[in-house]
Amino acid sequence: PMCQYSSTDGFADDWHLVHLGQFAIGGAGLVITEACAVSPAGRISPWDLGLWDDAHVPMLARITAFLRAQGAASAVQLAHAGRKASAERPWAGGGPLPPAHPLAWPVVGPSAIPFADGWPVPHAMTDADIDATIADFVAATRRADAAGFDAIELHGAHGYLLHAFLSPLSNARTDGWGGDRAGRMRFPLAVIDAVRDAWPAHKPLLLRVSATDWVEGGWTLEDTLALACEATAR
């Protein structure tokens, strides 16, 4: 999956057809989209692919049909950028959009801890926010099925929302969505459960992870093994 930062309002277009189609023509067995936001606030940038609206489905269906015609399976990477959202495109400097930018929006996370110096302080998600986000993943899952995707990959890496809940560096909650490892895994596992229930049983569900934070006191390989055991046992 490679972000293209080439969508308008989340829509795929001919750019995405050609970009993804080239891999199928070249013989790839499985072609996975870039991070596809489950809500407008879940985009990395204002130019990200999205699947929060039924109107996004037809062009994605055209793309999956083309991939299938070339002998390739297709997967969509469903994502929420969390506290790393509302960012500029890499070729425009990257980093967070200034708050006054006309395309910027408030970001959310498990706790009010910014991603880095100069990044916005995220709104610490309430139970209602968490429930709404899970519902966004479910709605995007159903649209992914309607678009003809063969698999879903949940983006649980790179400091985005699912990873932010997992890592003690970004999750300082003291309620049931934080604390020990089991508490920090609760939200990602709730997303996995909800998506699995909404996704056809014969279609694979994948999870992308950052196996370690590479920082003292962060998420570790041992933690990833525990997450993998919990996720695959469901």
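The values are calculated or read from the model by the stated rules, or taken from the named source; none is laboratory data. Worth saying up front: this structure is predicted, and the values here are computed from it rather than measured. Note: ideal-geometry Cβ built from the backbone for every residue, glycine included; neighbour counts use all protein chains shown. Accessible surface areas use protein heavy atoms only, side chains included; no ligands, DNA or RNA. Shrake-Rupley method; radii C 1.70, N 1.55, O 1.52, S 1.80 Å.
Confirm whether residue 27 is small (Gly, Ala, Ser) and under 22 Å from residue 167 (Cβ atoms).
Details: small (Gly, Ala, Ser): yes; under 22 Å from residue 167 (Cβ atoms): no.
No; evaluated as a whole, the condition is false for this residue.
Output the residue which, of all residues in the stretch 51-88 that are of a type in the set (Lys, Arg) and open to solvent by 60 Å² or more (accessible area, probe 1.4 Å), is farthest from residue 123 (Cα to Cα).
Of all residues in the stretch 51-88, those of a type in the set (Lys, Arg) come to 62, 68, 83-84.
Remaining after also requiring open to solvent by 60 Å² or more (accessible area, probe 1.4 Å): 62, 68.
On the way: 62: 37, 68: 41 Å.
Applying the filter and picking the extreme gives 68.
Quick one: residue 131 ticks every box in (1) assigned to a loop (DSSP other than H, G, I, E, B); (2) free of Cβ contacts under 8 Å to residues at least 12 places away in the same chain except a single one, so which number is it?
(1)
Return yes when residue 145 is in contact with a strand residue (DSSP E or B) (Cβ under 7 Å, 6 or more places away or on another chain), of a type in the set (Asp, Glu) and either open to solvent by less than 60 Å² (accessible area, probe 1.4 Å) or farther than 21 Å from residue 41 by Cβ (or both) and no when it is not.
Details: in contact with a strand residue (DSSP E or B) (Cβ under 7 Å, 6 or more places away or on another chain): no; of a type in the set (Asp, Glu): yes; either open to solvent by less than 60 Å² (accessible area, probe 1.4 Å) or farther than 21 Å from residue 41 by Cβ (or both): yes.
Taking the combined requirement at face value, the residue does not satisfy it.
So which of 189, 205 is open to solvent by 20 Å² or more (accessible area, probe 1.4 Å), of a type in the set (A, V, I, L, M) and within 20 Å of residue 134 (Cα to Cα)? Step through it out loud before you land on a result.
Numbers: 189 fails: open to solvent by 20 Å² or more (accessible area, probe 1.4 Å).
The unique qualifying residue is 205.
Can you find, within the stretch 167-191, the residue that is nearest to residue 223 (Cα to Cα) among those that are touching a residue at least 40 places away in the same chain (Cβ under 8 Å) and of a type in the set (S, T, N, Q)?
Per the criteria, the residue is 167.
Only residues that are in a loop (DSSP other than H, G, I, E, B) and of a type in the set (A, V, I, L, M): list them for the stretch 164-214, please. Even if it seems obvious, please write down each step before you answer.
Looking only at the stretch 164-214, we keep the residues that are in a loop (DSSP other than H, G, I, E, B), and these are 167-180, 199-204, 210-214.
Passing the criteria: 169, 172, 201, 211.
Quick one: which of 74, 111, 86 is over 24 Å from residue 130 (Cα atoms), out of contact with any His (no Cβ under 6 Å at 6 or more places or on another chain) and at pLDDT 95 or above?
One residue alone meets the criteria, 74.
Out of (1) open to solvent by 40 Å² or more (accessible area, probe 1.4 Å); (2) assigned to a loop (DSSP other than H, G, I, E, B), what's the single condition that is false for residue 111?
Going through the list (1) open to solvent by 40 Å² or more (accessible area, probe 1.4 Å); (2) assigned to a loop (DSSP other than H, G, I, E, B), residue 111 breaks only (1).
Give the stretch 13-45 a look and list any residue that's part of a loop (DSSP other than H, G, I, E, B) and open to solvent by 10 Å² or more (accessible area, probe 1.4 Å), or say none. Before you say what the answer is, go through the steps one by one.
Of the stretch 13-45, the ones part of a loop (DSSP other than H, G, I, E, B) are 13, 26-29, 38-39, 43-45.
Scanning the stretch 13-45 gives 13, 26, 27, 28, 29, 39, 43, 44.
Got at least one residue in the stretch 125-135 being at pLDDT 95 or above, of a type in the set (Ser, Thr, Tyr) and either open to solvent by less than 10 Å² (accessible area, probe 1.4 Å) or within 16 Å of the chain's Cα centre (by Cα) (or both)? Give the derivation first.
The first filter runs over the stretch 125-135 and keeps only residues at pLDDT 95 or above, leaving 125-135.
Narrowing further to those that are of a type in the set (Ser, Thr, Tyr): 126, 133.
Next, from what is left, pick out any that are either open to solvent by less than 10 Å² (accessible area, probe 1.4 Å) or within 16 Å of the chain's Cα centre (by Cα) (or both): 133.
Yes: the stretch 125-135 contains one or more residues that are at pLDDT 95 or above, of a type in the set (Ser, Thr, Tyr) and either open to solvent by less than 10 Å² (accessible area, probe 1.4 Å) or within 16 Å of the chain's Cα centre (by Cα) (or both).
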